[in-house]
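Chemist: Here it is, the structure, as structure tokens.
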Amino acid sequence: MPLRSPAVVENLVKRFGDFTAVAGISFEVRPGELFGLLGPNGAGKTTTLKILSGLLKPTAGRAWVAGYEVTRHPHQVKTRIGYMSQRFSLYRELTVLENLEFFRRVQGVDRNRLQQVIRQARLEPVLQVRVDRLSTGLRQKLALWCAFLHEPAVVFLDEPTAGADPFQRSEFWQTLRRQGISAIVTTHFMDEAEALDRLALMHRGRILAQGTPQELKQAFRKRWQLFAVEGPALRKVREALAQRPEVASVTPYGSKLHVRLPRDAPFPTLPELRGARWYPIQPTLEHVFFALVETPA
């Protein structure tokens, strides 16, 4: 494997009895890259992270992290990664400083590095505050800094912003970007995934597609076109459109319908559309994901 790659996965498989959680996936994370595993719960994202962390053994396939094969050198891997789960992995009954000091000792970090992190993260005002009294955003911030206190080669972030508001999410990603660190991020937030460098879209243990957010949306546009429909009696409009063979999907989005058609197909002319307005729109990652699930390449 390329030794400079923070993580490389080749044909990874994980089965639990008759259930296949990860079904032959492959990807590579580049230095300094925020790489996302995007998909719903049960897609195999967390299982993949646990294998890469040396916590689970794969059924088949190979994976390397920080230059070490995870099944042959799990200890070396564990010392070179940071891990943050949606539960934050913090001790809620301890203060901020006590949590930092605990992780410093476990990770073998000197006190100079700890003081540097406290300054960079601007944690001085809350050092003596118990973690269970912090806001969700501050707990996430603390957990993130604990994860890369020892300056790991790569950080694994498992649904790291679950429960956070949009402002807290934005601050979280800005902090991560400023560190220039390599990370693998699992998320089911389609809008949040737009901020990542590259993505692997996962469903039922498989990778449906990989690329930057723009590349994934461009691939969608080469195959499909997307329309929004507004107007009265949208339930009848939806039922009528769903009967048309050229309509790939018709889905409610708030007070509108989103209609997916093959790239060169004209928009259907239907009596039910009288009084309605339809117009082309650009796809989001959510549109890309569901198109791949419903009509895989």
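The values are calculated or read from the model by the stated rules, or taken from the named source; none is laboratory data. Fair warning: this is a prediction, and the values are worked out from it, not measured in the lab. Neighbour counts run over all protein chains shown; Cβ positions are idealised from the backbone, glycine included.
Chemist: Output the qualifying pairs, or none if there are none: Cβ atoms under 6 angstrom, residues six or more apart or on different chains, first residue in region 118-140 and more than 21 Å from W173 (Cβ to Cβ), second residue assigned to a loop (DSSP other than H, G, I, E, B) and not hydroxyl-bearing (S, T, Y).
Modeler: Taking only residues 6 or more apart or on different chains, the pairs are V131/L90; V131/R92; D132/R92.
Chemist: Of the residues L234, L201, L273, which is in the same structural domain as T46 (by TED's automatic domain parsing), surrounded by 17 or more Cβ atoms within 10 Å (Cβ to Cβ) and either modelled with pLDDT of 95 or more or out of contact with any Ser or Thr (no Cβ under 6 Å at 6 or more places or on another chain) (or both)? Talk me through it step by step, then tell me what you get.
Modeler: Details: L234 fails: in the same structural domain as T46 (by TED's automatic domain parsing); L273 fails: in the same structural domain as T46 (by TED's automatic domain parsing).
Of L234, L201, L273, the one residue that is in the same structural domain as T46 (by TED's automatic domain parsing), surrounded by 17 or more Cβ atoms within 10 Å (Cβ to Cβ) and either modelled with pLDDT of 95 or more or out of contact with any Ser or Thr (no Cβ under 6 Å at 6 or more places or on another chain) (or both) is L201.
Chemist: Also, I was wondering about something else. Select, from G108, G137, the only residue that is modelled with pLDDT under 90 and either closer than 20 Å to R80 by Cβ or out of contact with any Lys or Arg (no Cβ under 6 Å at 6 or more places or on another chain) (or both). So that I can check it myself, show each step before the final result.
Modeler: Numbers: G108 fails: modelled with pLDDT under 90.
Checking each option against the conditions leaves just G137.
Chemist: Now for a separate question. Considering every residue within region 83-97, establish whether at least one is farther than 20 Å from L55 by Cβ, assigned by TED's automatic domain parsing to the domain that holds E194 and surrounded by 20 or more Cβ atoms within 10 Å (Cβ to Cβ).
Modeler: Yes, the conditions are met somewhere in region 83-97.
Chemist: Got a sec? Which of T79, T46, T59 is closer than 17 Å to I207 by Cβ and at pLDDT below 95?
Modeler: On inspection, the qualifying residue turns out to be T46.
Chemist: Okay, moving on. Under the condition of being charged (D, E, K, R) and in a strand (DSSP E or B), which residue from region 238-297 is nearest to G211 (Cα to Cα)?
Modeler: R260
Chemist: Take the residues in region 57-72 that are of a type outside the set (G, A, S) and surrounded by fewer than 18 Cβ atoms within 10 Å (Cβ to Cβ); name whichever of them is nearest to L199 (Cα to Cα).
Modeler: Here is the first cut: in region 57-72, the residues of a type outside the set (G, A, S) are 57-59, 62, 64-65, 68-72.
Okay, now just the ones that are also surrounded by fewer than 18 Cβ atoms within 10 Å (Cβ to Cβ), so 57, 59, 62, 69, 71-72.
Working: K57: 24, T59: 24, R62: 20, E69: 22, T71: 25, R72: 27 Å.
Here the answer is R62.
Chemist: From the list P166, P152, P160, which one is surrounded by fewer than 16 Cβ atoms within 10 Å (Cβ to Cβ) and of a type outside the set (D, E, K, R)?
Modeler: The match here is P166.
Chemist: Residue check: is R119 farther than 30 Å from A21 by Cβ, out of contact with any helix residue (DSSP H, G or I) (no Cβ under 7 Å at 6 or more places or on another chain), in the same structural domain as V29 (by TED's automatic domain parsing) and basic (K, R)? Walk me through how you get there before you give the answer.
Modeler: Details: farther than 30 Å from A21 by Cβ: yes; out of contact with any helix residue (DSSP H, G or I) (no Cβ under 7 Å at 6 or more places or on another chain): yes; in the same structural domain as V29 (by TED's automatic domain parsing): yes; basic (K, R): yes.
Considered against the rule, which asks whether it is farther than 30 Å from A21 by Cβ, out of contact with any helix residue (DSSP H, G or I) (no Cβ under 7 Å at 6 or more places or on another chain), in the same structural domain as V29 (by TED's automatic domain parsing) and basic (K, R), R119 comes out as yes.
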